[in-house]
Structures are given as structure tokens and as C-alpha cells.
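Data block below; observations after.
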Amino acid sequence: MHNLKNRTSMKTLAISAIIAMTSLVNAASAMAGNRTNKFAYNTETIGNRVETQEVFKAELLAEK
């Protein structure tokens, strides 16, 4: 029983560490300006359903 508690604790610790690292990477990315504002969500309510469509703004690069 004691071994099972240790394994569960280690799994919990590992998952917590992964979540913390992901949060730190996302925060650093946001501070560096690597987030994009080139997308939006269009939502439409049909009866009791909500449909969501992700829309991206495309930029065409001029040929050189």
C-alpha cells in the first residue's frame, strides 16, 4: 500500500511540474510578443446549439 501511495504522489508531482513549466513557457512567450492577434472566433447560435468557427487572417507575401 505504501508503494502505491509513493507512485501516485510521484505521478501527481510530475503532472504538476509539467503544468507549471507549460505556464511559465506561455508567460515567457506572451512577454516576448510571440502571441498572434491574427485569428478570431465566429460563433453562431442555432436553437440550443452553438457553432464556433476559428477564422485566420492570411497575409500574402509579395514575390521578390
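Looking at the structure I just gave you, is residue 37 modelled with pLDDT of 85 or more and open to solvent by 80 Å² or more (accessible area, probe 1.4 Å)?
Values: modelled with pLDDT of 85 or more: no; open to solvent by 80 Å² or more (accessible area, probe 1.4 Å): yes.
Judged against the criteria, residue 37 is not a match.
Looking at segment 3-25, can you tell me whether even one residue there is modelled with pLDDT under 85, exposed (fewer than 10 other Cβ atoms within 10 Å of the Cβ) and not in a helix (DSSP H, G or I)? No, there is no match, as no residue in segment 3-25 is modelled with pLDDT under 85, exposed (fewer than 10 other Cβ atoms within 10 Å of the Cβ) and not in a helix (DSSP H, G or I).
The lone criterion from (1) in a helix (DSSP H, G or I); (2) more than 15 Å from the chain's Cα centre (by Cα); (3) modelled with pLDDT under 80; (4) of a type outside the set (Asp, Glu) left unmet by residue 29 is number (2).
The values are calculated or read from the model by the stated rules, or taken from the named source; none is laboratory data. Please read these numbers as outputs of a predicted model, since none were measured by experiment. Don't worry about glycine lacking a Cβ; one is built from the backbone with ideal geometry, like all the others, and counts go over all protein chains shown. Side chains included, ligands, DNA and RNA excluded: accessible areas come from the protein's heavy atoms. Shrake-Rupley method; radii C 1.70, N 1.55, O 1.52, S 1.80 Å.
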